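Q: Could you have a look at this structure, given as structure tokens, before my questions?
No lab work stands behind these numbers, since they all come straight from the coordinates. If you're wondering where the values come from, they're calculated on a predicted model, not measured in any experiment. Here the Cβ is made from the backbone with ideal geometry for all residues, glycine too, and neighbour counts use every protein chain on show.
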Amino acid sequence: MAGKGIPKLAVWKFASCDGCQLSLLNCEEELLALSSAVHMAYFPEASRAMIKGPYDISLVEGSITTPHDAERIHQIRRSSAALISIGACATAGGIQALRNFADVREFTSLVYASPQFIETLGKSTPISDHVSVDFELRGCPISKNQLLEVLTAFLHRRKPAIPSYSVCIECKRKGVVCGLVAHGPPCLGPVTQAGCGALCPTYARGCYGCFGPKETPNTGSLTATWKESGMDDAELLRLFRSFTATAEPFRKESESHEIQNN
């Protein structure tokens, strides 16, 4: 770690719902052990104590959506030895990145009485689009167990053991019957990275892709199967435009159906 003594941890928020920061607080019993391993120097969600940097590790939640955000993330990067983006917003732009497929000026004119006072960027973008990121931890929200693994790995200067395989592997390990085969709900599990413990498929729901695309996802093969079963392009487009709509494999797949749909 860059500093001497107990490493200093900072937690930052940009455009997001705070769910990933709450995953850290939800560590409960593990949080006590973590607090003895790192010094919570800056974490407004949990404490009013705000110690100035530099910081050994910064966790960043949320996407960049305003000019001020775009400036602030560079300041955080300069004061952080290691920067870890956490959650779908920070790693892929989040649900708010759906604005990237439309005209944000039209949205502001419809929502706000005085849109001329709204300062916003045309797109919602992940942290890595603006600064170098040492690790991206996905999820909406992130898994607290994966967060603890990443923090432990950085504290011990090793590579985090985060899986890159699909949600389908988690289903098999839990003995969950494959919904795509048995029930028929649209499921993004075959192309989505594991991490949620197959939460939705466990309750006979299709995977919504909260953890973003897995390593080398074959989205084309999956959509071809759905099209054979009668799903149209509009439905396919909606499936890939959710929590991680602008992650490259999902974005490209949705755009291919948007072109056909128009």
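Q: Just to confirm the number: angle between the C-alpha axis of helix 219-228 and the first principal axis of the chain, 0 to 90 degrees, nearest 10?
A: Long axis of 219-228 versus the principal axis of the chain: about 30 degrees.
Q: For SER36 and SER132, FRET efficiency with R0 = 25 Å and r from the beta-carbon atoms, rounded to 0.05?
A: After rounding to 0.05, the efficiency reads 0.25.
Q: Count neighbours as other Cβ atoms within 10 Å of each site's Cβ, and list the chymotrypsin sites (Phe, Trp or Tyr not before Pro) in the stretch 124-182 that are DSSP loop with at most 15 such neighbours.
A: TYR165
Q: Sticking with this one: Does the stretch 189-245 come out rounded, prolate or oblate, given a ≥ b ≥ c as the square roots of the eigenvalues of its C-alpha gyration tensor, rounded meaning a/c under 1.5 and, failing that, prolate meaning a/b above b/c?
A: prolate
Q: Using a 7 Å offset from Cα along Cα-Cβ at GLU119, what residues in the stretch 54-71 end up with backbone N under 12 Å from the label point?
A: Only 66-71 fall inside the zone, counting backbone N under 12 Å.
Q: In whole Hz, with x marking every Gly and Pro, tabulate ³J(HN,Hα) for the stretch 236-248 from phi via Karplus 6.51 cos²θ - 1.76 cosθ + 1.60, θ = phi - 60°.
A: Using θ = phi - 60°, the values come out as 5, 4, 5, 4, 8, 10, 9, 5, 10, 4, 9, 4, 3 Hz.
Q: Below 28 Å, Cα to Cα, which lysines can LYS159 reach? Residues fewer than 8 away in the same chain don't count.
A: LYS4, LYS8, LYS13, LYS52, LYS144, LYS172, LYS174, LYS214
Q: Between the DSSP loop rule and a limit of at most 11 other Cβ atoms within 10 Å, which chymotrypsin sites (Phe, Trp or Tyr not before Pro) in the stretch 24-124 are left? Walk me through the numbers on the way to the answer.
A: Values: sites: TYR42, TYR55, PHE101, PHE107, TYR112, PHE117; in loops: TYR112.
Within the stretch 24-124, the qualifying chymotrypsin sites (Phe, Trp or Tyr not before Pro) (loop, at most 11 other Cβ atoms within 10 Å) are TYR112.
Q: Considering only LYS174, LYS144, LYS214, give the residue with the highest GNM mean-square fluctuation for the chain, with springs between Cα atoms whenever their separation is below 10 Å.
A: Fluctuation is largest for LYS174.
Q: Still on this model: Above 18 angstrom, tally the Cα pairs of the stretch 167-261 and express them as a % of all pairs, no decimals.
A: Working: 1789 of 4465 pairs.
That fraction is 40 percent.
Q: Assuming 0.36 nm per residue, please report the length gained on full extension of the stretch THR202 to SER164 beyond their Cα-Cα distance. Intermediate results must be reported in sequence, preceding the final value.
A: On the way: separation 38, 0.36 × 38 = 13.68 nm, distance 2.00 nm.
Additional length available on full extension: 11.7 nm.
Q: Which one of LEU180, LEU110, TYR165 has its Cα pushed farthest toward the positive end of the charge dipole of the chain, where Lys and Arg give +1 and Asp and Glu give -1 at the Cβ?
A: Of the options given, the answer is TYR165.
Q: Looking at the stretch 8-155, what % of the alpha carbon pairs are farther apart than 21 Å?
A: Of the Cα pairs, 44 percent sit more than 21 Å apart.
Q: Something else: For the charge dipole of the chain, defined by +1 on Lys and Arg C-beta atoms and -1 on Asp and Glu C-beta atoms about the Cα centroid, which residue among VAL60, ALA153, THR223 has the Cα displaced farthest towards the positive pole?
A: The Cα lying farthest towards the positive end belongs to ALA153.
Q: Still on this structure, please answer the following. GNM on the chain, C-alpha springs below 10 Å: top fluctuator among GLY179, GLY62, GLY87?
A: GLY179
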